[in-house]
Amino acid sequence: ALPEATEIELIQPVRPIVLGFSQLGSESEWRMANTNSVKEAAKEAGIELLFENAEQSQEKQFEAIRSFIKRKVDVIAIAPVVHSGWDDILTEVKQAGIPLIISDRSVDVGDSSLYVTHIGADLYEEGRKAGKYLVDKMRDAAETIQIVELRGTEGSSPSIQRGQGFRDIVLKQPGYKIMASVDADFTFERGKEVMSTLLEQYGGEMDVLFAQNDDMALGAIEAIEEYGLRPGVDIVIISVDGTRRAFMKLAEGKINCIVECNPLLGPNMMQAVQELVAGRTLPKRIVPQESVYTEQMAKKEIPYRKY
Ligand code: GYE
């Protein structure tokens, strides 16, 4: 016998949730881990993911978001390349009635109802943690401590907020001086290039390098070694992220401190997507757990690093 109408309905597959995700680029190992985490978590949750890589262009992110609106996705998520300039496009999303998740970096918008939730690390606190490590390490230093900073992408929230957090700790102390602060785009190549130039300029005068991510720190380590100085010894190095590769340098004593920033945001994002589709409300801010690691802790931690 033919099944009843209601039974036919029951065996129809449910339409999967569709998520459009505008990723800002692929500049660093952190970013690759973040992308993989989102892709894997979507697969696991049975969510259909439309993934667009904007290659560091806000304009490309606008295009991706507009294409998601056109395709009437259920939820949009963005990892915004820069901090400002989002009001108009997010208003378009809101008018289309699509809930929006901000992932990783924050946005500076006049109306916070333009997004539902922001899932990502406390980037300002990361800068403060880096500063606190330095102040503790240098507590017995007699002379002025000369710092160089490698900044990430210009105008990006991690660069602005890590830089601010770091300054809010170290510049409150007597005897700290930031002698140079230069953009190096969160990449290995630029980190190496900029550090070489700074070494030519300042030579052995610098005591500390604060690299706003691991890729730049790893590039800078090569530059320091080529220049004939010992990273981690002649120049104290503090970095942010906590990639496996950076942990190896931490274990070797070539990096002195890593402030962890967790890129594995995929599972949190998928959970948020499912809850939004189910009509639930979410907290405005979701922050993953993060630690600070020093040389002594590095070897023990390496086998557990997931990125
Ligand atoms: O620290 C860096 C990446 O936005 C927190 O972006 C992220 C940062 C991360 O390129 O490695």
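The values are calculated or read from the model by the stated rules, or taken from the named source; none is laboratory data. From a predicted model like this one, the values you see are computed outputs, not experimental measurements. Counting neighbours? That spans all protein chains shown, and the Cβs are built from the backbone with ideal geometry, glycine included. Protein only, heavy atoms only, side chains kept; ligands, DNA and RNA dropped before computing areas. Shrake-Rupley method; radii C 1.70, N 1.55, O 1.52, S 1.80 Å.
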Whichever residue in the stretch 52-75 is part of a helix (DSSP H, G or I) and open to solvent by 100 Å² or more (accessible area, probe 1.4 Å) and, among such residues, is farthest from P99 (Cα to Cα):
E59
Please determine whether any residue of the stretch 99-121 is in a helix (DSSP H, G or I) and touching a Gly at 6+ places or on another chain (Cβ under 8 Å).
no
Looking only at residues in the stretch 146-172 that are among the acidic types (D, E) and not in a strand (DSSP E or B), which one is nearest to the ligand (Cβ to nearest atom)?
E154
Restricting the search to the stretch 155-173, which residues are farther than 17 Å from A130 by Cα and open to solvent by 50 Å² or more (accessible area, probe 1.4 Å)?
none
Within the stretch 264-272, is even one residue under 26 Å from I98 (Cβ atoms) and either within 14 Å of the ligand (Cβ to nearest atom) or in contact with a Gly (Cβ under 7 Å, 6 or more places away or on another chain) (or both)?
yes
Answer from G253, G232, G279 - the residue that is of a type in the set (G, A, S), in contact with a Pro (Cβ under 9 Å, 6 or more places away or on another chain) and away from the ligand (no atom under 16 Å from the Cβ)
G253
Can you tell me which residue among G253, G232 is surrounded by 13 or more Cβ atoms within 10 Å (Cβ to Cβ) and in contact with a Lys or Arg (Cβ under 7 Å, 6 or more places away or on another chain)?
G232
Can you confirm whether the stretch 203-221 contains a residue that is buried (at least 17 other Cβ atoms within 10 Å of the Cβ), part of a helix (DSSP H, G or I), more than 12 Å from the ligand (Cβ to nearest atom) and among the aromatic types (F, W, Y)?
no
Which members of the stretch 18-52 meet the condition of being within 16 Å of the ligand (Cβ to nearest atom), out of contact with any helix residue (DSSP H, G or I) (no Cβ under 7 Å at 6 or more places or on another chain) and acidic (D, E)?
E27
